[in-house]
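What follows is one structure encoded as structure tokens, with my remarks underneath.
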Amino acid sequence: MLLSPAEYFHLADRILVLGNSGIFAQGEWSNIKATNGNIVDSIVEQPKAGIADEYHQIAAINISEQMVEDRQADVTRKTGDITIYAYYLRSIGAKNCSMLVLGCSAYAFAVIFPQYWLKWWTEANGTNMWFYVVGFALLSFTAWLSTSMITWLTYIKISPRSGGSFHSGLLRTIFGAQLSYFFVADTGTILNRFGQDIQMVDRDIPDTLAGLGVQIFRMIMQAALLLSVQRQLALILPIYMAIVYVLQKFYLQTSRQLRLLELESRAAVYSSFLETVDGLATIRAMGWQDDYSEHNDHCLDEFQRPTYLLLCLQRWLNVVLNLMVAGIAVVVIAITVLSQKSNSGAEIGISLNIILVTNTTLLRLVQFWTTLEISLGAVARLKKLESETPQEHDVVETIEPDAAWPKDGCCELCDLQVSYDSRAISLRNINLSIRGGQKVLICGKTGRQESLTHGLGHTHTDIDR
């Protein structure tokens, strides 16, 4: 038995008093009282405190440290991490990635090239009409086929495979974690990993990845066609691309921080709801309904702030890109009017048509790219959880007793050393032998040390040796 109240000590055959990271005294209770009177008085007068209080104090300290680490990690998230992309693409598989690239490139070609095909058709003056009709039909069929291929890959192949891979990895990590991890980890954070993060991996990332691939190849095709009919734009497009790069970098940094704040504030909402449900009886008994309602409303308000700011940021991006594309349209018209070379009406029409659709393509490209970067924050958190969660993989933790165990019901501890974590050793050099049928009481010098030994029996603590 592991106790701090002294009223049951006389029932034990043997008493072990733990103190100074070891066994302070042992024997019958009457002998210990006679030889260690001061220690006995401190044990008897010790307030009755539960094991959970000690763990909750440790949990509060660790959660505060985790909040500081999260704020520090927010700074490094601005630059992104290429290893996160590789980590996610490995979960998809090389075959699915190759098929997705093929489908996106085929779709972009089949959608953009018909504009140039129509130029050839109009310049043919009615000759070889069936050739152009069949060619246009084949391009349309290719666009439909590639769209179906991308949709099939996204929702039938990529999403189930990546979602299953991350979900099974998260389950292995949580189910294999040391029990002490659940006393220092926030319940809302763990729930957010299984809820919001897995949902983003299952639903958001595959769709965003496919959309980003389509927009990249569309932009390449549109730029190629635009340069083929307006070669003078080759001097302007690099400047335009540099401006877009700076713009998307600023937008990406800001929007990523806002989305991460949104996800983290969502975890606070989950924790608030769970704590309210768990303590509902106490809240009603003490009349704290208004206080907890106000606290929940505050968590919801904090959760909505990043969402509203993100919407404002997206509107700002839309306005800026529209102005930039309008500037390119003005440049194209100016080149057409002032240029000594006469452009055909078909070439001018293709240029203006491509500029109109380029605005939408560019806007979606930046938005898909930013959404993917933001969504990969869920992958980064899952990867961090998998790499940093302590696992029950030690030899002591994986010993499986034989079928005849226990043979005689004895318990032996030889040179035991345990700790709550790697920062401080709580008990060292513990040697204990309990014979079968023997009643033993273990208490700490302050009446609290037995909580650590109790936690040892349930793997709340780490066995160093």
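Residues in the stretch 173-213 that are over 16 Å from the mean Cα position of the chain (by Cα), over 30 Å from VAL366 (Cα atoms) and in a helix (DSSP H, G or I): PHE175, TYR181, PHE182, PHE183, VAL184. The residue pairs whose first member lies in the stretch 143-154 and is closer than 14 Å to SER98 by Cα, whose second member is surrounded by fewer than 17 Cβ atoms within 10 Å (Cβ to Cβ), and whose beta carbons are closer than 9 Å, counting only pairs six or more residues apart or on different chains, are SER146/LEU102; MET149/LEU102. So is GLY164 surrounded by fewer than 14 Cβ atoms within 10 Å (Cβ to Cβ) and under 25 Å from ARG259 (Cα atoms) or not? Yes; evaluated as a whole, the condition is true for this residue. Residue-level analysis places ASP291 outside the set of residues that are at pLDDT 80 or above, surrounded by fewer than 12 Cβ atoms within 10 Å (Cβ to Cβ), under 28 Å from ILE198 (Cβ atoms) and not hydrophobic (A, V, I, L, M, F, W, C). Evaluated against (1) touching a residue at least 60 places away in the same chain (Cβ under 8 Å); (2) more than 23 Å from PHE194 (Cβ to Cβ); (3) surrounded by fewer than 16 Cβ atoms within 10 Å (Cβ to Cβ); (4) touching a Ser or Thr at 6+ places or on another chain (Cβ under 7 Å), LEU274 falls short on exactly one condition, (2). Among the residues of the stretch 167-205, write down those that are surrounded by 19 or more Cβ atoms within 10 Å (Cβ to Cβ) and in contact with a Gly (Cβ under 8 Å, 6 or more places away or on another chain). Scanning the stretch 167-205 gives SER180, VAL201. Can you find a residue that is closer than 30 Å to ALA185 by Cβ, loosely packed, with under 14 Cβ neighbours inside 10 Å, within 29 Å of the chain's Cα centre (by Cα) and at pLDDT below 70 anywhere in the stretch 371-387? Looking for residues that are closer than 30 Å to ALA185 by Cβ, loosely packed, with under 14 Cβ neighbours inside 10 Å, within 29 Å of the chain's Cα centre (by Cα) and at pLDDT below 70, one finds none in the stretch 371-387, hence no. Among the residues of this structure, THR127 counts as one that is at negative phi and not in a helix (DSSP H, G or I). Out of LEU261, LEU313, one residue alone is in contact with a Ser or Thr (Cβ under 7 Å, 6 or more places away or on another chain) and of a type outside the set (S, T, N, Q). It is LEU313. Among the residues of the stretch 223-231, is any touching a residue at least 40 places away in the same chain (Cβ under 8 Å), surrounded by 13 or more Cβ atoms within 10 Å (Cβ to Cβ) and within 35 Å of the chain's Cα centre (by Cα)? For the stretch 223-231, residues touching a residue at least 40 places away in the same chain (Cβ under 8 Å), surrounded by 13 or more Cβ atoms within 10 Å (Cβ to Cβ) and within 35 Å of the chain's Cα centre (by Cα): absent.
Condition check ((1) under 30 Å from LEU382 (Cβ atoms); (2) within 45 Å of the chain's Cα centre (by Cα); (3) not assigned by TED's automatic domain parsing to the domain that holds THR208) across all residues:
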{"residue": "PHE131", "(1), (2), (3)": "no, no, no"}
{"residue": "SER146", "(1), (2), (3)": "no, yes, no"}
{"residue": "ILE150", "(1), (2), (3)": "yes, yes, no"}
{"residue": "LYS157", "(1), (2), (3)": "yes, yes, no"}
{"residue": "SER168", "(1), (2), (3)": "yes, yes, no"}
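As a summary of the residue check, SER21 satisfies the conditions (1) at pLDDT below 70; (2) of a type in the set (S, T, N, Q); (3) within 30 Å of ALA380 (Cα to Cα) except for the one numbered (3). Of all residues assigned to the stretch 246-266, at least one qualifies as being within 30 Å of SER351 (Cβ to Cβ) and among the hydroxyl-bearing types (Ser, Thr, Tyr). Return the pairs, sorted by first residue and then second, in which the second residue is in a loop (DSSP other than H, G, I, E, B) and hydrophobic (A, V, I, L, M, F, W, C), the first residue lies in the stretch 121-132 and is modelled with pLDDT of 80 or more, the beta carbons are less than 8 Å apart, and the residues are 6+ apart or on different chains. As it stands, the answer is TYR132/ALA124, since those pairs meet every condition given.
The values are calculated or read from the model by the stated rules, or taken from the named source; none is laboratory data. Quick caveat: nothing in here was measured; it's all calculated off a predicted structure. We place every Cβ from the backbone using ideal geometry, glycine too, and count neighbours over all the protein chains shown.
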